[in-house]
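Every read-out reported here was derived from the displayed coordinates using simple, explicitly stated rules and does not represent laboratory data. Because the structure is predicted, anything quoted here is derived from the model rather than measured. Neighbour counts are summed over all protein chains in view; Cβ atoms, including those assigned to glycine, are modelled from backbone coordinates with ideal geometry.
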Amino acid sequence: MDFLKRTWAEIHLERLGINIANYCACLQGETKLLCVVKASCYGHADLAICPYLEKELGVKWFAVSNADEALRLRNMGISGEILILGYTPAEAVAELAEHNIIQTITDLSYARELNDCLSGSGKPLRCHAAVDTGMTRIGLRGTPEEIARSLYEIYDLDDLILDGIFTHYAAADSAAAEDKEYTAAQTEKFFAVRDEAERLGVRLSQCHCLNSAAGVYTPDSRSTLGRLGIILYGLYPDPATPLPFEPEPVMELRSTVSQVKLIQPGESVSYGRTFTAQRPTLLATVTCGYADGWPRALSNKGEVLIHGKRAKIVGRVCMDQFMIDVTDIPETAPRDIVTLIGHDGDECITADDVAALAGTIGYEITCGISARVPRVAYKNGEQMGVYRL
Ligand SMILES: *Cc1c(COP(=O)(O)O)cnc(C)c1O
């Protein structure tokens, strides 16, 4: 299997198992693993990763953002449980029921709308109700008693099967005292809702609240699932908050040198002439740009690795190319491999490092690596396949 050696993302599958083992070691009691694989596995390519998670690592639960992503998983042969974490228009849910996909319920009126749409179809839809305990995004709102009564109403609808409830934390990744208190209050409200619903006779097979951060920092044996997202891919929920283990970044991003030249003091580089050489400068052009998902915010800021050394980005990042200063790396030549994210010799740049410079989070960096960048899967260094988003 070959691919164009211009810009490509390496996906190192064996690191998924390491990240899973580290996360699961933090979980308590009977909490089971759910892998969050939305947005094509945070940009890592669902086709490369999901079959590996299910067949090689025995993962039983998956979560995606929407119906298209869920059906894609079924089409690639995933037979485990699939939970859609977001909204699906009512007319699309009959197909979800046919494929035994679990839909999130955002509120009571949405539950009634789905039920009406399904009535008489003969295929009930499994669902988990979102409980808004403080994220203020989706979910049932009110006192635990009010929410429990809504859950009872949903439970009672003929064409919905209420299998579970879940909540999502707003600040579980933070070490600040007020955020820890907020997370604890969200947890207590969630389980108060569960207790109240059970008192009303609502039987729930799944009640889950943990994301990556909460599974590590505030594990709770009452959560039946731990929804592992960012740590699965080897990034930090918040790089400012340490983890009790080293996450192993699954993606490495590489590109190539197209041209090397010596420029003279006073010569400017790239659009807008934002960089002017102060000394004779050896300049290399790299075949990657913002259309590949490499942030333009890294103009005159970011660094890359080449020949095991760091080289600065000079001038503006263009759509398909950018320039680096390799004056101190004179062996640089066309066709050389450039590491934008990952290891080269003793040096390493993570997506979290890139994010910090670009003023965003690691999640946005990997999700943003665009569809034109092939994802090349490796297992223990051996190339397994080339995938497109
Ligand atoms: C995305 C998402 C997760 C995963 O969050 P991470 O911070 O990546 O672990 C878990 N639960 C819900 C509801 C989500 O939307």
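Can you classify the range 175-248 as rounded, prolate or oblate using the Cα gyration tensor, where a ≥ b ≥ c are the square roots of its eigenvalues, rounded means a/c under 1.5, and otherwise it's prolate if a/b beats b/c and oblate if not?
oblate
Can you tell me the equivalent ellipsoid semi-axes for the range 180-336? Use √(5λ) from the Cα gyration tensor, largest first, whole Å.
Semi-axes (√(5λ), whole Å): 51, 15, 14.
If one computes the Cα centroid of the range 177-223 and of the range 246-320, what distance in Å separates the two points?
46 Å
Relative contact order (percent) for the chain, with alpha-carbon contacts under 8 angstrom and 6 or more residues of separation?
Dividing the mean separation by the residue count of the chain yields 19 percent.
Within the range 254-350, list the trypsin sites (Lys or Arg not before Pro) lying in a DSSP loop whose Cβ has at most 16 other Cβ atoms in a 10 Å radius.
Loop-located and lightly packed - K301, R335.
List every residue whose amide H lies under 5 Å from the amide H of V59, counting only residues 5 or more places away in sequence or on a different chain, with H placed 1.01 Å from N in the peptide plane.
So V59 has HN proximity to E54.
Can you tell me how the chain classifies by the Cα gyration tensor, rounded, prolate or oblate, using a/c under 1.5 as the rounded cut?
prolate
Place a point 7 Å from Cα of D320 in the direction of its Cβ. Which residues in the range 352-386 have their backbone N less than 16 Å from it?
Of the residues in the range 352-386, 370-374 have backbone N under 16 Å from the label point off D320.
Compute the helix-to-body angle for 144-156: its Cα long axis versus the longest principal axis of the chain, expressed 0 to 90° and rounded to tens.
Approximately 80 degrees, to the nearest 10.
Using the Karplus curve 6.51 cos²θ - 1.76 cosθ + 1.60 with θ = phi - 60°, work out ³J(HN,Hα) for each residue of the range 161-167 in order, rounded to whole Hz, and write x for Gly and Pro.
Each residue's phi maps through the Karplus curve to give 10, 7, 9, x, 9, 8, 9 Hz.
Run the numbers for L4 and R199: contour at 0.36 nm per residue of separation, minus the present Cα-Cα distance, in nm.
Net length gain for the segment: 64.2 nm.
Can you give the local net charge around T360? Use residues other than it whose beta-carbon is closer than 14 angstrom to its beta-carbon, Lys and Arg +1, Asp and Glu -1.
-2
Go through the range 1-50 and name the GluC sites (Glu not before Pro) that are in a DSSP coil and have 14 or fewer other Cβ atoms within 10 Å of their Cβ.
E30
Please give every one of the lysines within straight-line cross-link reach of K180, meaning a C-alpha to C-alpha distance under 20 Å, and leave out same-chain neighbours fewer than 8 residues apart.
The reachable lysines, counting only those whose Cα sits under 20 Å from K180, are K189.
With a 10 Å Cβ neighbour count serving as the proxy for reagent exposure, in which order, fewest first, do D68, D346 appear?
Listed from fewest to most nearby Cβ atoms, that is D346, D68.
Can you sort M76, M135, M251 by how many other beta carbons sit within 10 Å, fewest first?
Placing the least packed residue first, the sequence is M76, M135, M251.
With θ set to phi - 60° and the Karplus curve 6.51 cos²θ - 1.76 cosθ + 1.60, what are the ³J(HN,Hα) couplings of the range 242-255 in order, to the nearest whole Hz, using x for Gly and Pro?
The phi angles translate into x, 10, x, 8, 8, x, 9, x, 7, 9, 10, 10, 10, 9 Hz.
Would you list, by chain and number, the lysines whose Cα falls below 29 Å from the Cα of K261, excluding same-chain residues fewer than 8 positions away?
K5, K301, K309, K312
Tell me the label-point distance for the pair E14, Q383, using the 7 Å Cα-to-Cβ offset, in nm and rounded to one decimal.
1.8 nm
For the range 347-389, what log10 I(q)/I(0) values come out of the Debye formula at q = 0.14, 0.29 1/Å, with one point per alpha carbon and no solvent?
Values, matching the q order: -0.44, -0.93.
Report the antiparallel proportion of the DSSP beta bridges in the chain as a percent, rounded to a multiple of 5.
55 percent
Can you give me the distance in nm between label points at T276 and T241, each placed 7 Å from the Cα along the Cα-to-Cβ direction?
4.7 nm
Each label point is 7 Å from the Cα along the Cα-to-Cβ direction; what then is the distance between the points at S121 and I337, in nm?
4.8 nm
Taking amide H positions as placed 1.01 Å from N in the peptide plane, with prolines and chain starts having none, which residues 5 or more places from K32, or on another chain, fall under 5 Å of its amide H?
Under 5 Å from the amide H of K32 lie the amide H atoms of L225, G226, each far enough along the sequence or on another chain.
By counting other Cβ atoms within 10 Å of each Cβ, how are D46, D107, D2 ranked from fewest to most?
D2, D107, D46
In a GNM of the chain with a 10 Å cut-off on Cα contacts, which of E303, E198, E248 has the highest mean-square fluctuation?
Largest GNM mean-square fluctuation: E198.
Once you have the Cα-Cα distance between S65 and E98, take 0.36 nm times their residue separation minus that, and quote the gain in nm to one decimal.
10.0 nm
Is the shape of the range 31-233 best called rounded, prolate or oblate, per the rule: a/c under 1.5 gives rounded, else a/b larger than b/c gives prolate, else oblate, with a ≥ b ≥ c the square roots of the Cα gyration tensor eigenvalues?
Cα axes put the range 31-233 in the oblate bin.
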